[in-house]
Amino acid sequence: MTEHAVVIAGAGPTGLMLAGELALAGIDVAIAERRTRHDLVGSRAGGMTPRTIEVLDQRGIADRFLAQGTTGQNGHYSGIFFDTADLPTRHNYGLGLQQHRIERILADWVIELGVSIYYGREVIGFAQDATGVDLAVSAGPPLRGSYLVGCDGGRSLVRKTARIAFPGWDPSTSCLVADVEMTSEPPWGLHRNGGFHSFFKFEDDGPVRVMVTEPRIGNVDEPTLRDISEALVCARGTDYGLRSATWISRFTDATRQAATYRDRRVLLAGDAAHVHFPIGGQGLNTGMQDAVNLGWKLAQVINGTSPERLLDTYHAERHPVAARVLHNTMAQTALNGPGQRVDALRDTMAELLGMHEPRMRVAAMMCGLDIHYDLGDGHALLGRRMPDLDLRTAEGATRVFALLHEARGILLRFGQPWAFDISPWAHRVSAIDAEHTGGWELPDLCQVPTPDAVLIRPDGHVAWVGHGAATGLRDALNRWFA
Ligand SMILES: Cc1cc2nc3c(=O)[nH]c(=O)nc-3n(C[C@H](O)[C@H](O)[C@H](O)COP(=O)(O)OP(=O)(O)OC[C@H]3O[C@@H](n4cnc5c(N)ncnc54)[C@H](O)[C@@H]3O)c2cc1C
């Protein structure tokens, strides 16, 4: 048997991001992955939204992704495009980058950090006891972890074995996706015709990514090129001579969320915890952000900094975030439906998205920048993401995200330094005196008065805001770092 503090089932984007977060905190973590290596063809997600790029920037690795993708300053809501250029973030754009490239970059990062990825080892069962979880795997010796995190996708064996309910809605639509060659040029872009179909390329000399709504739902056979051809002929009267598929898959708008993200020593993250129609490109983003919320908390529980109840805040904070994603994808799917009444509703929505305030609110939601954890009453910043302010410190110019690279808590004090002894928490929190000139703009038009100090969690969310005195700081430090 091989033992690790944490075993993660699944080396998709969520599992890899979580492994990186745990390894940064010095935790012994391994991933058991069913695939024998990371795929080089086929790729579900096509990119990342601004908050995910921000969290990668918080770890100092955003450039690795930006160097391989293309950026664009627009997002869309059910195919209605809007501008993101005036979102108040350094990363006011989406990144087009195929999921298999995202996974490769993340895998290289976690291997640098010392994470073991056991490829070709499917988790086939587990049993938990008072001190850990024994895992049965399809090859090699069994594994044991103090904790098991199921990042094993929408059909999660971990979720099913833990008997965690997955309530939600059955599919109302089914789509095919493939990477193909085409003899004649298709009409590039996104088209609606009672369902939708789209044609685009990730790379100029790469295959055509075709997506098309299937004429009927409920088909569970492996999809074939012929299925795609028939669906395209049904939608457009031609299949554009499609051939040579390198990847074919099917997805639906089944919309479900795990009733709980934790059962004692077993946790769920990413698609294992929530599935929805991929409209608006939010699944991979939500999963990677689940991982950044969970990683530092699990690390602190394992290394004895925090009691186990810190893990309950993971469900409390992230379940509502994914519930909102499920809600907006259901609304977008309805808006994508057939009929002149839906067309009228789309016109209305397009008109609204042409106005500043509705556009900013929807853009902040779709880009993940407006996430606001409920940390109680208080300053408007409490529970929100900390903006990446430019700072001057005794060591020179820096910015907030650079201070988060080591995934530690940061107590940032502006103006006059004040007397507060941080040493009882110094193993997890760094206190930094800094100056910032300029405003604090939040993405959904919320105005914030400039505070005198903020306590920032390792995930970049604000845990305490100070005015003049350190009132409440001790409680906040104890709540999150003791
Ligand atoms: C057509 C399409 C387009 C999409 N586009 C976007 C987009 O643009 N943006 C976006 O944010 N999201 C998008 N998504 C959603 C996105 O692909 C998923 O949300 C994302 O892959 C979830 O990541 P994950 O790591 O949680 O799960 P997965 O990517 O499913 O990874 C799970 C991993 O676990 C492994 N595994 C499974 N079972 C076991 C087991 N028993 N033992 C060991 N390993 C196991 C799998 O091999 C896999 O590597 C899209 C989805 C589709 C279908």
Near the amide H of Ile117, under 5 Å away, which other amide H atoms are found, from residues 5 or more places off or on another chain, if H is placed in the peptide plane?
Ile31
Rounded to two decimals, the Debye log10 I(q)/I(0) of segment 104-220 (Cα scatterers, no solvent) at q = 0.11, 0.14, 0.19 Å⁻¹ is -0.68, -0.91, -1.05
Between Arg264 and Gln416, what is 0.36 nm times their sequence separation minus the Cα-Cα distance? Round to one decimal in nm.
50.3 nm
Whole angstrom only: what separates the Cα centroid of segment 63-77 from the Cα centroid of segment 371-397?
24 Å
Distance between modelled label sites at Ile111 and Thr70, nm, 7 Å Cα→Cβ extension
2.8 nm
What FRET efficiency, computed as 1/(1 + (r/R0)^6) with R0 = 45 Å and r the Cβ-Cβ distance, is obtained for Val342 and Glu395, rounded to the nearest 0.05?
0.20
Sequence-distant residues sharing a close amide H with Leu143 (under 5 Å, placed H):
Thr2, Leu135, Val137
Can you send over the solvent-accessible area of Asp221, 1.4 Å probe, protein chains only, in Å² to the nearest 10?
100 Å²
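What is the local net charge at Cys367, summed over the other residues whose Cβ is closer than 10 Å to its Cβ (Lys, Arg +1; Asp, Glu -1)?
-1
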Residue-span extension gain [Asp63 to Arg90] - 0.36 nm each, minus C-alpha spacing
8.4 nm
Would you kindly compute the Cα radius of gyration of segment 1-118 and its largest Cα-Cα separation (Dmax), both in Å?
15.7, 53
Calculate the FRET efficiency for His467 and Ser423 from the Cβ-Cβ distance with a Förster distance of 35 Å, rounded to the nearest 0.05.
0.90
How far is it, in nm, from the label point at Asp475 to the one at His100 when both lie 7 Å from their Cα along the line to the Cβ?
5.3 nm
For Lys201 and Trp247 in the same chain, what is the full-extension length gain: residue separation times 0.36 nm, less their Cα-Cα distance, in nm?
15.2 nm
For a paramagnetic label modelled at 7 Å from the Cα of Ala323 toward its Cβ, which residues of segment 347-373 fall within the zone defined by backbone nitrogen distances under 17 Å?
371-373
Helix 312-335 versus the longest principal axis of the chain: what is the Cα-based angle in degrees, 0 to 90, to the nearest 10?
30 degrees
How far is it, in nm, from the label point at Phe81 to the one at Trp169 when both lie 7 Å from their Cα along the line to the Cβ?
2.7 nm
Considering only DSSP beta bridges where both residues belong to the chain, give the percentage that are antiparallel (nearest 5).
70 percent
Which of Gly140, Val212, Ser116 sits farthest toward the positive end of the charge dipole of the chain, with +1 on the Cβ of Lys and Arg and -1 on the Cβ of Asp and Glu?
Gly140
Near Phe420, within a Cβ-to-Cβ distance under 14 Å, what is the net charge of the other residues, with Lys and Arg +1 and Asp and Glu -1?
-2
Kirkwood-based shape ratio for the chain, expressed as Rg/Rh from alpha carbons
0.98
With Cα coordinates, the longest principal axis of the chain makes an angle with the long axis of helix 283-302, in degrees rounded to 10, of 30 degrees
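What dipole magnitude, in Debye to the nearest 20, does segment 174-252 give about its Cα centre under +1 on Lys/Arg Cβ and -1 on Asp/Glu Cβ? Numbers along the way, then the final one.
On the way: 8 positive and 12 negative charges, 65 e Å.
My answer is approximately 320 debye.
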Explain nothing, just the number: relative contact order of the chain, from Cα pairs under 8 Å at least 6 residues apart, as a whole percent.
17 percent
How much net charge surrounds Ser244 when only the other residues with a Cβ under 15 Å from the Cβ of Ser244 are counted, with Lys and Arg +1 and Asp and Glu -1?
0
In whole Å and largest first, what semi-axes does the C-alpha gyration tensor of segment 174-252 yield when each eigenvalue is scaled by 5 and square-rooted?
18, 14, 11
From largest accessible area down, sort Glu112, Glu317, Glu203, Glu230; use a 1.4 Å probe on the protein chains.
Glu112, Glu230, Glu203, Glu317
Relative to the longest principal Cα axis of the chain, at what angle does helix 340-353 sit, 0 to 90 degrees, rounded to 10?
30 degrees
Can you give the FRET efficiency to the nearest 0.05 for Leu190 and His405, using r as the Cβ-Cβ distance and R₀ = 35 Å?
0.40
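Size of the dipole of segment 390-481 about the Cα centre, Lys and Arg at +1 and Asp and Glu at -1 on the beta carbon, nothing else charged, in debye to 20?
Charge dipole, segment 390-481, about its Cα centre: 260 debye, nearest 20.
The values are calculated or read from the model by the stated rules, or taken from the named source; none is laboratory data. This is a predicted model, so every value here is computed, not measured. Positions of Cβ are generated from backbone atoms using ideal geometry, with glycine treated the same way; all protein chains shown enter the neighbour counts. Note: areas computed on protein heavy atoms with side chains; ligands, DNA, RNA excluded. Shrake-Rupley method; radii C 1.70, N 1.55, O 1.52, S 1.80 Å.
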